[in-house]
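Down below is the structure, laid out as structure tokens.
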Amino acid sequence: MKNHRGQRGTGVPAELEALLEGATPVQESLESLRSAPVDFDADPEFVAGFVKARFLEGVLRAMEEQSMTKSGLAHKLGKSRQYIGKLLNERANFTIETMAEIACALKWNLDVRLVRLDDPFEVGTCAIEPVRRRTPAPRVVPPEFSDEIEPVTMESQDGDDACAA
Amino acid sequence: MSGSNRANVNIKVDRPIGLSEIPDVKTDWQTEHTIRALVVDERSLALSFLAELKSRHFGDYRKIMKVAKLVACQPRVRNENQVRPGKKYRETYEMKGGHARLFFFYGPQEEVVCTHGFLKSKASRKEQSLEFAKCDTFRNLFYEGMGKGLSR
């Protein structure tokens with residue numbers, strides 16, 4: 001129902017009203033989209049494009065966090081600024097070696113993995129992440145128990161069939 | 001429309017603003033944001049646009065889906081070659097895929113709400129600015145609807 005300003009009760013402005021009137025009803029659009037479902041994850045061109053885009057997102061994030069300009073990255077890589085521009089515009093074809101050079105220049109990790117499609121924790125298979133320096137976790141023994149706790153050794157488990165293999 | 005058909009659209013008869021899933025956007029992709037199409041009175045410009053894009057310009061449709069996947073799995077997309085925020089309407093964004101543009105805004109519950117799209121035929125800044133304005137109008141409508149209990 002339209003009000004005196006030519007709007008629906010929902011407050012749809014008149015200029016959008018005409019657009020909506022011309023749109024296909026939702027159900028028809030959904031049926032059309034579902035009529036030929038596409039599994040994009042099985043399309044190499046799509047997968048390659050996505051992996052590239054995700055890698056570049058990582059590069060941009062690293063540059064942002066380090067306040068690094070395109071010129072700065074170009075200088076670190078020993079390449080021209082134009083090359084970096086081309087790279088970030090996805091107009092350059094780059095190899096894993098190039099990706100590794102960029103990751104090392106940014107002091108980030110490059111992670112290229114093949115994962116199962118149904119792995120709920122993995123989206124895409126290539127990412128650039130900050131390097132996490134791992135230090136061994138210190139062994140903490142509460143002082144009141146320190147005399148009672150002995151390190152577990154293979155000798156202490158003699159006769160245990162479960163460990164025999 | 002039958003009750004079973006309506007199950008895919010999160011709106012009720014008395015709630016004219018809602019959100020719908022987008023069929024080719026997989027659930028697995030949506031680790032950071034859920035990608036949805038805005039539905040107003042059982043019509044969605046975004047779904048209508050995507051259905052036409054898929055049938056007539058599949059290459060651009062594939063590119064838009066790639067960007068949709070990127071948007072779905074990233075907190076925010078930095079690459080303006082993929083996603084560009086509006087200059088005047090900073091809360092609105094466009095996904096870029098070839099000549100296709102799909103406009104969206106971030107909703108309050110990690111959802112990405114796609115409002116509409118268009119095929120860019122020439123570099124017209126005025127035209128693009130108008131599309132961002134449309135997206136912003138839909139955004140206001142969405143939040144207004146939420147406030148009045150018209151959506152969700």
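Before moving on, here are some points about what is shown:
- This ranking places B:S48, B:S129, A:S67, A:S32 by how few other beta-carbon atoms lie within 10 Å of each, fewest first, which gives A:S67, B:S129, A:S32, B:S48.
- Euclidean distance between Cα centres, the range B:74-111 to the range A:7-86, Å: 7
- Taking only alpha carbon atoms, the range B:17-147 gives an Rg to Rh ratio of 0.92, where Rh is the Kirkwood radius.
Coordinate-derived values only; no laboratory data. Just so it is clear, the model here is predicted, and its values are computed rather than measured. Neighbour counts are summed over all protein chains in view; Cβ atoms, including those assigned to glycine, are modelled from backbone coordinates with ideal geometry.
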